[in-house]
1. Which residue out of 68, 56 is part of a helix (DSSP H, G or I) and away from ligand 2 (no atom under 13 Å from the Cβ)?
2. Output the residue which, of all residues in segment 95-109 that are open to solvent by less than 10 Å² (accessible area, probe 1.4 Å) and within 16 Å of residue 159 (Cα to Cα), is nearest to ligand 1 (Cβ to nearest atom).
3. Considering every residue within segment 272-285, establish whether at least one is in contact with an Asp or Glu (Cβ under 7 Å, 6 or more places away or on another chain), modelled with pLDDT of 95 or more and surrounded by fewer than 24 Cβ atoms within 10 Å (Cβ to Cβ).
4. I'd like to know if segment 307-321 contains one or more residues that are without any contact (Cβ under 8 Å) to a residue 40 or more places away in the chain, of a type in the set (A, V, I, L, M) and either in contact with a helix residue (DSSP H, G or I) (Cβ under 7 Å, 6 or more places away or on another chain) or closer than 19 Å to residue 382 by Cα (or both).
5. Right, residue 341: within 24 Å of residue 173 (Cα to Cα), open to solvent by 10 Å² or more (accessible area, probe 1.4 Å), of a type outside the set (Lys, Arg) and within 12 Å of ligand 1 (Cβ to nearest atom) or not?
6. Tell me whether segment 386-396 contains one or more residues that are in a loop (DSSP other than H, G, I, E, B) and under 20 Å from the mean Cα position of the chain (by Cα).
7. Inside segment 487-508, can you point out the residues that are within 27 Å of the chain's Cα centre (by Cα), within 14 Å of residue 453 (Cα to Cα) and of a type in the set (A, V, I, L, M, F, W, C)?
8. For the structure I just gave you, tell me whether residue 330 is in the same structural domain as residue 381 (by TED's automatic domain parsing) and either open to solvent by less than 10 Å² (accessible area, probe 1.4 Å) or within 16 Å of ligand 1 (Cβ to nearest atom) (or both).
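The values are calculated or read from the model by the stated rules, or taken from the named source; none is laboratory data. From a predicted model like this one, the values you see are computed outputs, not experimental measurements. Note that we place each Cβ from the backbone using ideal geometry, even for glycine, and neighbour counts take in every protein chain shown. When the accessible area is computed, the model is the full protein with side chains, heavy atoms only, and any ligands, DNA or RNA have been set aside. Shrake-Rupley method; radii C 1.70, N 1.55, O 1.52, S 1.80 Å.
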Amino acid sequence: MAVMPSVRLFLAAIAIAVTAIAASPAAALAENHRLPNVVVIMADDLGFGDVSCNGATRVKTPHIDRLAREGRRFTSGYCSASTCTPTRYSFLTGEYAFRRPGTGVAPPNSPCVIPVGMPTLPGMLKQAGYATAVVGKWHLGLGKNETGPDWNGTLAPGPLEVGFDHCFILPTTNDRVPQVFVADHRVNNLDPADPLWVGDKKPSPDHVNGVDHRDRLKMDWSHGHNNTIHNGIGRIGFYTGGTAARFRDEDLADAWVAESVRWIKAHDKAPDARPFFLFLASHDIHVPRAAHERFQAATPLGPRGDCIAQLDWTVGEVTAALERLGIAKDTLVIFCSDNGPVLDDGYKDDAVEKLGDHAPAGPFRGGKYSVYEGGTRTPFIAWWPGRIAPGESDEIVCTIDLAASLATLAGQAISAGGFPDSVDVLGALLGDAGARGRTALLQQDHGSSGRFGFREGKWKLVRLPRKMAGKAGASSALLDAAQESLYDLAGDPGETTDVADKFPDVAARMRQSLEKELATLEH
Ligand code: NG6
Ligand code: CA
């Protein structure tokens, strides 16, 4: 039957409407009868310039570059802090970490720093019907005692009490004790006859914990990383026992890739086939940098380069698994880092000696521990084949924004008081026409130093305290008379020239906005 012109027009109009709907996240749901999966791969201490899609030449990251080529690469993508614990706290809670004291770099026996009952990103996704898991470095504390959790019993609260269904984690960082995996509530492979003890005092005068292979990795522990030696590498903090549970540093990435792929697969084949959220928190390229033997000498940059190669492999394995399972088109992958780069972070591993002209922070000033751009402006890529068009964006997006953005993606209302500092930048992440990122972003270091960065559009205010209050006086340090500088990032991305005197009105306006944020310490 011939179609009447008016009917044809009508059908064309429906086709346009359907295409428009299909481009929205809600339509992705209608089309697939389920919400998209979300995988966040967070690297550790990876700088903006450490990946070849951001300009590195002496190390190649083909798998990360592929995500950038096929997805959206952000040139103003940030984490919220220039150290690990606060960035992870903010990523999971949508709250600036400086607002909650005790969210600085967590020690080996730290209790869980996210209060149970606080709205979290994984908790919100669970509400929306997602299966949720964290695999990798946790570094947000376990248990509730200041003296540490019951390492031989139930480790709670932890990931499972703040929104994850499953975890397979390293409790802190690998330069801190203990070198064991925690699977859900227990230390994996722990032999009850050989209990695990973790503490901050030397347990015996001759404590070295195992055979001392000081030369094996040519690590130098002069910075205090020599409390305990395990696998030939010195660590911060003391531990004894748990021998069967201990891993080899070289096997961390393999274990986490295997567990991530296993969990994705098990979940995808589950009869209910719920959408899933996987937070894969790689330990690469944090110290101690002991990549698997097959990555050793992969680049001319020494162990730091080996770990970049291992991280890139990790990304490749996870994306390959999504493709093998035929679910890449139903999965949003975000690749990011927890803070900017550092070379010598307590181990002499040739990172400085073999650096050459490699620029870990790219064109930016500073790195880990800094509130200059290099501390928090880090690799940031969003990949979702068939939904995110290939491209590049200079919109400001931050790991702290994933909470509010993914709430929109999952069609979830945010509970009262939840995600207070998280901005919905979903449109910018997906590359929707005209969608904008943040207008302003606060940048912190570990949180109580009084140092802050504040970016608004092209302007950047750096605020350093004139005098530091004592450790206990975190709040007075925050509000102490400060020394400020202003940079125009458009013409001076490297923050070399202070223009505060030239643009006093801009500086004053930004100071006011920043102080307004700082005045609210805790919600
Ligand atoms: C520092 C450690 C450093 C690293 C950092 C945390 C020293 C001298 N330095 O205290 O090695 O562990 O804490 O890194 O002990 S982060 O990426 O987890 O924030
Ligand atoms: Ca880190």
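1. Working: 56 fails: part of a helix (DSSP H, G or I).
Going through 68, 56 in turn, the sole match is 68.
2. Ranking the qualifying residues of segment 95-109, first place goes to 106.
3. Of the residues in segment 272-285, the ones in contact with an Asp or Glu (Cβ under 7 Å, 6 or more places away or on another chain) are 282-285.
Narrowing the set further to residues that are modelled with pLDDT of 95 or more leaves 282-285.
Filter once more, keeping what is surrounded by fewer than 24 Cβ atoms within 10 Å (Cβ to Cβ): none.
No.
4. The initial filter retains those residues of segment 307-321 that are without any contact (Cβ under 8 Å) to a residue 40 or more places away in the chain, namely 307, 320.
Filter again for of a type in the set (A, V, I, L, M), leaving 320.
Add one more test, that the residue is either in contact with a helix residue (DSSP H, G or I) (Cβ under 7 Å, 6 or more places away or on another chain) or closer than 19 Å to residue 382 by Cα (or both), and what stays is 320.
Yes, there is a match, as at least one residue in segment 307-321 is without any contact (Cβ under 8 Å) to a residue 40 or more places away in the chain, of a type in the set (A, V, I, L, M) and either in contact with a helix residue (DSSP H, G or I) (Cβ under 7 Å, 6 or more places away or on another chain) or closer than 19 Å to residue 382 by Cα (or both).
5. Numbers: within 24 Å of residue 173 (Cα to Cα): yes; open to solvent by 10 Å² or more (accessible area, probe 1.4 Å): yes; of a type outside the set (Lys, Arg): yes; within 12 Å of ligand 1 (Cβ to nearest atom): yes.
So residue 341 fits the description; yes.
6. Yes, segment 386-396 contains a residue that is in a loop (DSSP other than H, G, I, E, B) and under 20 Å from the mean Cα position of the chain (by Cα).
7. The one that is within 27 Å of the chain's Cα centre (by Cα), within 14 Å of residue 453 (Cα to Cα) and of a type in the set (A, V, I, L, M, F, W, C): 489.
8. When the stated conditions are applied, residue 330 does not pass them.
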